[in-house]
Amino acid sequence: MPMNLIHRKLCRSDAWVRNVRDTLMPWTLDGVDLGDDVLEIGPGFGATTRVLVKSVPNLTAVEVDPASARLLTEQFPTVHVIEGDGARLPLPDNRFSAVTCFTMLHHVPSPEHQDRLFRETFRVLQPQGLFVGLDSRPNLRFRLIHLLDTMVVVDPGTLPRRLEAVGFQDVTVTATETRFRFRARKP
């Protein structure tokens, strides 16, 4: 996981876990039915996984950082954790009712790699499956936290076109000053 020490500490903090549980996840998942077999890409230290594991029957997580993947395996024994890259998913076609990613797209090292992740997400989703996520918009605090991190910010204005280019439909993006959520459906 390409994160500096301050960023890693923040993402492990109780304050972050509360923010994810009480604010970010409810806003992102408002009105969404993820179905019964969900893939989470890039859970990091598991703040979002804590919410998902309580609300979906079957959860698989793909995490690129080996130490975080081990931590997730220990922390969430009912979650199938795979150490791997979301842009090269070792998973079958048409498997999941939903794929999620929360506050991680900006850590994917290039727009091309992000687009490969979008294509892989589309591939592993069942027909009518949902791709749901959340990411940040840049501001001074965000930039300071990400000093020396991999930080490739996703423009919420171009995201619909990028998702539609890989086949998604019904793409919606809702943005605030500091973050945006997105939803897309595989036909």
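The values are calculated or read from the model by the stated rules, or taken from the named source; none is laboratory data. Values in this document were obtained by computation on a predicted structure and should not be read as measured data. All Cβ positions, glycine included, derive from the backbone under ideal geometry; neighbour counts span all protein chains shown.
Just to be sure I understand the filter: pairs with C-beta atoms under 6 Å, separated by 6 or more residues or on different chains, first member in segment 140-168 and among the hydroxyl-bearing types (Ser, Thr, Tyr), second member surrounded by fewer than 15 Cβ atoms within 10 Å (Cβ to Cβ) and at pLDDT 70 or above. Which pairs pass?
Partner pairs satisfying both residue conditions: Thr150/Pro109.
Taking Arg137 as meeting all but one of (1) in contact with a Pro (Cβ under 8 Å, 6 or more places away or on another chain); (2) of a type in the set (D, E, K, R); (3) modelled with pLDDT of 95 or more, write down the number of the exception.
With respect to (1) in contact with a Pro (Cβ under 8 Å, 6 or more places away or on another chain); (2) of a type in the set (D, E, K, R); (3) modelled with pLDDT of 95 or more, Arg137 is out only on (3).
Can you find, within segment 103-126, the residue that is surrounded by the most Cβ atoms within 10 Å (Cβ to Cβ) among those that are within 22 Å of Leu24 (Cα to Cα) and modelled with pLDDT under 95?
Applying the filter and picking the extreme gives Val108.
Of the residues that sit in segment 37-55 and are surrounded by fewer than 24 Cβ atoms within 10 Å (Cβ to Cβ) and charged (D, E, K, R), which one is farthest from Ser97 (Cα to Cα)?
Only one residue fits best here, namely Arg50.
Could you check how many residues of segment 68-78 are without any contact (Cβ under 8 Å) to a residue 40 or more places away in the chain and either buried (at least 19 other Cβ atoms within 10 Å of the Cβ) or of a type in the set (Gly, Ala, Ser) (or both)?
2
Sort out which residues of segment 1-36 are modelled with pLDDT of 95 or more, among the aliphatic types (A, V, I, L, M) and assigned to a loop (DSSP other than H, G, I, E, B), and write them in order of number.
Within segment 1-36, Val32, Leu34 qualify.
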